[in-house]
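Take a look at the structure below.
The values are calculated or read from the model by the stated rules, or taken from the named source; none is laboratory data. Given the structure is predicted, the values throughout are model-derived calculations rather than measurements. Positions of Cβ are generated from backbone atoms using ideal geometry, with glycine treated the same way; all protein chains shown enter the neighbour counts.
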Amino acid sequence: MSVSASIPDTSLGLTSSEIQILRQQQQIALQNSHAGNGASRGRGAGRVSNSSSRATSAASSQGRLLLDPDSLHALSHQLGSLERRISGQIDYLSQQITDSVKRSRSGALKTIHEVEAEMDRTRSMMASADELELELNKIAHIRDIVKSFRGRIEGIDRRMEQSRRRR
């Protein structure tokens, strides 16, 4: 394959990191085509594939993208495979995130319910404490009334005693 059937990979309008990825994928596609050729090589097919692989390797080492149908097909296949793996990873990670959010939400809701129940219990205890405080205030008031009655009774008892002594 001639150099004219290739273009500089820098002329594709890609960023340097995208060019780096393209070059890596072109090399992987080249390696995969070598591996595939060894296993399914028929008579005479190896020479064409090897010359295409050599041309792809030469173009890649010069920073060029080979434009022949076989190289473009291999690169397209490699990039499609990469895209499917990335898509699969995205789907997997999305599911993991969804599951994690559901677990976190469930745990948070459980915690909220537990906190609300504890707050209700605390409110109930505080209401009971308020009732007890009212009862204690009533008892203290009754005690004061009893003291007052006792004082009056003792006062009346003393006067009666004094009046009996005088008689």
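Okay, here's what the table says:
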| item | result |
| --- | --- |
| Residue check for L14: touching a strand residue (DSSP E or B) at 6+ places or on another chain (Cβ under 8 Å) and either modelled with pLDDT of 70 or more or acidic (D, E) (or both) | no |
| Selection status of R54, charged (D, E, K, R), touching a Gly at 6+ places or on another chain (Cβ under 8 Å) and modelled with pLDDT of 65 or more | no |
| Residues of segment 57-69 satisfying the condition of being polar (S, T, N, Q), closer than 17 Å to L12 by Cβ and modelled with pLDDT under 70 | S60 |
| Failed criterion for L65 (all others in (1) within 30 Å of A29 (Cβ to Cβ); (2) assigned to a helix (DSSP H, G or I) hold) | (2) |
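Table: residues versus (1) of a type in the set (V, I, T); (2) farther than 30 Å from Q25 by Cβ; (3) surrounded by 10 or more Cβ atoms within 10 Å (Cβ to Cβ).
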position	(1), (2), (3)
D91	no, no, yes
K110	no, yes, yes
S124	no, yes, yes
A127	no, yes, yes
N137	no, yes, yes
R152	no, yes, yes
S163	no, yes, no
